[in-house]
Amino acid sequence: MSYSFKNFINTRTRGFTLAEMMVSVSIIVVILTVVLSNQSTYTDGASVNRLADEIGLSISEAQAYGIGVRQLSPGSDDFSASYGIAFSLIQPEFATSYIFFADTDADLVYGGSWDCPDTGSCGEYQNKTDITGGNSITSICEIRDNDTEMCSVSRVDVSFVRPDTTANIMFFNNGGSLFSPQPSNIKGAKIVVTSPKGTEKNIIIYKTGQVSIQ
């Protein structure tokens, strides 16, 4: 009886063998790999979702300013401008930002530079939002009334003119010039944003002024 109890104690206190330790470490590595991979995927998706929501809010803000008779600048007493957002793929670096503009000349497009340093020095420029986290705009498309999409678009400007809540959508060709005439039977515009891992979100601006995130 005494001998058996001693063997039991020795077995309980002998510790891990090298093989047992290697198995345990392997299991921990597999678990950590799965956790980190899932966390990376979640972070990637959350980042592009947040970007799509921010763009949607920016469009809604332009709509509110456009129909709400916002003063062009503090103390200017100028309430004549409409407001809009410009998205461009004309140059690769433009894919990581978008412009909020005041349409002071009522031509429905942004007439300033994409590299304006500050408000007031580039005409219609109000501010630029930089897209971070490795996300970018990867496609701009026309949506026709029959729901077909034409993605040979290099830029789209969306503006709102009071008192109308509908969106004025102006498309540019791959050469950077306005389509002339503008495409007919347009239902809206689609902005595609993509994360570093390839997760896509669509921001659809309908001519009715509604915005959908898909």
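The numbers here are math on the coordinates, done by the rules we state, and not lab data. Note that the structure is a prediction, hence the values are computed from the model and not measured.
Things worth noting here:
- Per the Kirkwood formula applied to alpha carbons, segment 163-209 shows a radius of gyration over Rh ratio, Rg over Rh, of 1.07.
- Rounded D (µm²/s) - segment 41-213, Kirkwood Rh over Cα pairs, Stokes-Einstein at 20 °C, 1.002 mPa s: 132 µm²/s
- Phi angles of segment 171-188 translate, via the Karplus equation with coefficients 6.51, -1.76, 1.60 and θ = phi - 60°, into HN-Hα couplings of 9, 10, 7, 5, x, x, 9, 4, 4, 9, x, 5, x, 8, 6, 8, 9, x Hz per residue; Gly and Pro are given as x.
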